[in-house]
Amino acid sequence: MPEEVQRGVAMQYSMKNSRIIVDALKAAGIDFVATLPDSFNTQVHKLIRDDPAFKWVVATREDEAMAIAGGAFLGGKKPCVIMEASGYGNCAGYLARIAIVHHIPLLILSSHVPALGEMYYHHSETRYLAEPVLKGCGIPYCALMRIEDADTIIREAQLTVEGQKVPVAIMIPRHIYYEGR
């Protein structure tokens, strides 16, 4: 993957870390993934798209992706939604009403901007509502700060999803996907 320079720092997308995340999803039993086009998770999307272990669906909005994943759960799948954190505002109604009240469980992977390293104010301002929305809906969440913890965190989150029949969010900061030099 070619390097790009962002604010004077050479950054390269980590395919190794993307593969670790996809393998952890597979090991946790995830077999259905709804995503939205975004630059943050683009390599994870490609790996999932090309892996026959996953059914992959692209949505146009975050609430649509969650509704599709909820339908997949009702059809016997183990779903995951992958999105940018800015989308939590679009899906708060789904999370509060359908996922929580009706116990439609799903794993959510999203970007995590409040972590150190976000370089663009226009990203952080739209994503600062992620944690307040998750807290307000009573949805368990955590940040994946070390790629070495990906397998454990994704597995434990999926156990909570299945055991408590609730959504669980794992927020992934920039340094997991991008390596700076």
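Quick rundown of the values:
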{"item": "Residue exposure sequence - CYS80, CYS142 - by fewest surrounding Cβ within 10 Å", "result": "CYS142, CYS80"}
{"item": "Karplus 3J(HN,Hα) series, Hz, for the range 29-45 with 6.51 cos²θ - 1.76 cosθ + 1.60 (x for Gly, Pro)", "result": "x, 4, 10, 9, 10, 10, 10, 10, x, 7, 7, 5, 9, 4, 6, 5, 4"}
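Where a number appears in this text, it was derived from the coordinates with a stated rule and is not lab data. Keep in mind the model is a prediction, meaning the values are calculated, not measured. Note: ideal-geometry Cβ built from the backbone for every residue, glycine included; neighbour counts use all protein chains shown.
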